[in-house]
Amino acid sequence: MTGRWAAQFVQCVQFARGRRTATGIDVGAGEVRVVVLSRVGRRADVRLDGLEIEPLGDTNGREGGRWDAVGPALAAAASRLAARGVRCDARGVMGLGDDELRTARLDLAGRDDVAEAARQAAERVSGLAPDALAFDWRHDGHDGCRGGRPGEVAIAVASQRHLQRRIDAAALAGVDLTAVDGESIAALRALRYAALHELDADEPYFAIWFGDEGVRGWWLEHGAGGSPAGSQAAFQAAFQAHSQAASQASLQFDFPDRAHAALADALRTFAQRPAGCAFVAGDVRCLARFGVSLADVGDLLGAVALPFESVHWAGDARAAAHADLHSPSFAVAFGLALKGVWA
């Protein structure tokens, strides 16, 4: 696929004065999680309209088999949401694994061939042939590039095969897939959004995400505070897309790594710069796989560990899926939906 992926990879949707709804779809190792968020007009805060989880069933351990099961699982989840009056057919956003999405920033100041330069960079970054990749680019100052140098361009590139799998699965469930995003970035977006509502301005904190492939952590100092009732620009700037979020993280870590034999050692090292709170997201089975609990994470970081919970933004969903509203495993789907309502 050549040029900007436009309608398939990113679709720019004009802001509507009415209620704006987006559906975040997180495909895990063994289940699909769906979160539907909405916001009204230019109000900064969002409302959780519904969430669902559906097992993938037996996939015979094959990646292709897993994706064959995603469409029917997503359709089942969407059907239950529809039965409760929650539509999730429009503005769907799905995640890409960190190993499936490549990003880079280029200094193209003064160049007239930005689109062509971005295309060439996408080929270099991904190592894929032109007809096997999908990419997008944006100028400095656009969503997620705040804080970059003038003339700087951010690019994101993925395999067309990985993208098509998501488009096909969403279409089978009747969902219009309008965007994709990195899973770890979506988790970070959700954790930053939670911190925005919980902490004082500029109070440092840890954000920790337990994913299927490993653990990612961020130490963040800026953008945690601010009232949801504030201006749209100020509020949105606190949890914009990955370039800004990553640049505001003074420290980051990934585990497994070569420097630490155990996650506990990695967390102790990561805690060199203190923070009072640690916002934690991920499936409890992922925590168990690394032999730690939520309390252990807090103890190792020397901080109060707070699980991500969707219940804080629950509207009509409170009675519909009470137990899942407290599950930190929905952070990625929540962060994907946030991208959709703010696109």
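Answer with yes or no whether Ala78 is part of a helix (DSSP H, G or I), in contact with a strand residue (DSSP E or B) (Cβ under 6 Å, 6 or more places away or on another chain) and of a type outside the set (Asp, Glu).
In short, no.
So, in the range 69-105, of the ones that are surrounded by fewer than 19 Cβ atoms within 10 Å (Cβ to Cβ) and without any contact (Cβ under 8 Å) to a residue 60 or more places away in the chain, which residue ends up nearest to the chain's Cα centre (by Cα)?
Ala104
Looking at the range 22-42, which of its residues are surrounded by fewer than 24 Cβ atoms within 10 Å (Cβ to Cβ) and either of a type in the set (Lys, Arg) or not in a strand (DSSP E or B) (or both)?
The answer is Gly28, Ala29, Gly30, Arg39, Gly41, Arg42.
Identify, please: which residue in the range 171-206 is touching a Phe, Trp or Tyr at 6+ places or on another chain (Cβ under 7 Å) and among the small types (Gly, Ala, Ser) and is, among those, farthest from Ala76 (Cα to Cα)?
Quick first cut of the range 171-206, residues touching a Phe, Trp or Tyr at 6+ places or on another chain (Cβ under 7 Å) only: 180, 184, 187-196, 199, 204-206.
Applying the additional criterion that residues be among the small types (Gly, Ala, Ser) yields 184, 187, 190, 194-195.
Working: Ser184: 25, Ala187: 24, Ala190: 25, Ala194: 29, Ala195: 32 Å.
Residue satisfying both the conditions and the ranking: Ala195.
Could you list, in sequence order, the residues of the range 274-291 that are aliphatic (A, V, I, L, M) and open to solvent by 20 Å² or more (accessible area, probe 1.4 Å)? Break it down into steps so the answer makes sense when it comes.
Within the range 274-291, the subset aliphatic (A, V, I, L, M) is 275, 278, 280-281, 284, 287-288.
Matches in the range 274-291: Val284, Ala288.
Only one of these conditions is not met by His312: (1) assigned to a helix (DSSP H, G or I); (2) under 23 Å from Ala29 (Cα atoms). Which number is it?
(2) is the only condition that His312 fails.
Quick one: count up the residues across the range 76-110 that are in contact with a helix residue (DSSP H, G or I) (Cβ under 6 Å, 6 or more places away or on another chain) and more than 21 Å from Gly182 (Cα to Cα).
2
The values are calculated or read from the model by the stated rules, or taken from the named source; none is laboratory data. Treat the numbers as computed from the prediction; the structure is a model and nothing was measured. Neighbour counts run over all protein chains shown; Cβ positions are idealised from the backbone, glycine included. Note: areas computed on protein heavy atoms with side chains; ligands, DNA, RNA excluded. Shrake-Rupley method; radii C 1.70, N 1.55, O 1.52, S 1.80 Å.
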